[in-house]
1. Can you tell me which residues in the range 233-277 are over 14 Å from Asp60 (Cβ atoms) and of a type in the set (Asp, Glu)?
2. Quick one: what pairs do we get from the range 125-149, first residue at pLDDT 95 or above, second assigned to a helix (DSSP H, G or I) and not aliphatic (A, V, I, L, M), C-beta under 6 Å, 6+ apart or different chains?
3. Quick one: in the range 164-194, of everything that is among the hydrophobic types (A, V, I, L, M, F, W, C) and over 20 Å from Asp214 (Cβ atoms), which residue is modelled with the lowest pLDDT?
4. Here is a list of conditions, (1) at pLDDT below 95; (2) under 28 Å from Phe128 (Cβ atoms), and Ser23 meets all of them except one; can you say which number that is?
5. Please identify the pairs in which a residue from the range 58-82 that is at positive phi has its Cβ atom under 7 Å from the Cβ atom of a residue that is in a loop (DSSP other than H, G, I, E, B) and surrounded by fewer than 17 Cβ atoms within 10 Å (Cβ to Cβ), counting only partners at least 6 apart or on another chain.
6. If you take the residues of the range 231-277 that are surrounded by 15 or more Cβ atoms within 10 Å (Cβ to Cβ) and aromatic (Phe, Trp, Tyr), which of them is farthest from His37 (Cα to Cα)?
7. Taking the range 196-214 on its own, how many of its residues are crowded, with 19+ Cβ neighbours inside 10 Å and touching a strand residue (DSSP E or B) at 6+ places or on another chain (Cβ under 7 Å)?
8. Among the residues that make up the range 194-217, is at least one of them out of contact with any Leu (no Cβ under 9 Å at 6 or more places or on another chain) and under 27 Å from Lys270 (Cα atoms)?
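The values are calculated or read from the model by the stated rules, or taken from the named source; none is laboratory data. The model shown is predicted, which means the values in this text are computed figures rather than measured ones. Here the Cβ positions follow ideal geometry from the backbone for every residue, glycine too, while neighbour counts run over all protein chains shown.
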Amino acid sequence: MKNLLTVLFVILIGLIAFSQDDSQVRKRQPIIDMHMHTGLPHDVPEGIPALCRPAPCEGDGHATVNSSELMKKTLEAMDRYNIVKGLLSGVDWSAVQDWSKAAPGRFIASPFIMETGSSELEKLKPEFISKRFTAMGEIGTQLNGMSPNDPSLEPYFQLAEELDLPVLIHTLGIGPYMPHFSSAAGSPLLLEDVLVRHPKLRLYVENAGYPYQDEMIAMMYQYPQLHVDVSTITWVIPRTAFYDYLEAFVRAGLGKRIMFGSDQMVWPEKIGAAVEA
């Protein structure tokens, strides 16, 4: 009987230890999300389904357009998936600051840039110098049909290089259905002029330049300072297409230059979808 109790005690201790080890395995590792927003650059109705491709298709999720509610749901998702920090941008720069103040240490504050010009840049300079903004972008001027090598963007890249700011740019073949969006303006090859002029610029391309796979890989081979994030291709396009695209970059030896980004916009549930992808 004594031996039996000893055996049972050993088994019990083993089960407890296994349970603790298993819990540690299942605990999520910390994540930095390099692509988050306080909303969209254009108005959408409350509750509208998330974006999806290819059309015709119907996305899931329901848009949360109220900034305070979106912040609450975004932080809840960040806690659930152990996202310790996120690069946060928005066209409403005050909302970016509000989120940063409400959740100290959780966000890297950054302005969403849709319009260029000297007056806009002059407004931004003190924000960068004071460290209220510590990154630049998303530069979303492609949504207005502007290519990344447009001369009006040159002062922005120059400032970012001088201040050593990470820069997020929308340069790819897909985007929201907006009247002036241009897929042709999203070729990663158009970044070459920028990278030649600014060799120290810390630039990263959202969605890994999808679907310009070969062009993006060529640019990353030639310009080691260029990185990408995965963002919406984790949940907008078919999962098989995402896996095929991601695998091409990993097989090309570029795995260490791919960053996580959820690009949740007004669909905070897509943070989890991006992590689980």
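1. Hits for the range 233-277 are Asp244, Glu247, Asp263.
2. Filtered contacts from the range 125-149: Phe133/Glu127; Gln142/Gly186; Asn149/Asp193.
3. Met178
4. (2)
5. Gly61/Pro49; Asn82/Arg28; Asn82/Gln29; Asn82/Pro30
6. Looking at the filtered set, the residue picked out is Phe249.
7. 7
8. Yes, the range 194-217 contains at least one residue that is out of contact with any Leu (no Cβ under 9 Å at 6 or more places or on another chain) and under 27 Å from Lys270 (Cα atoms).
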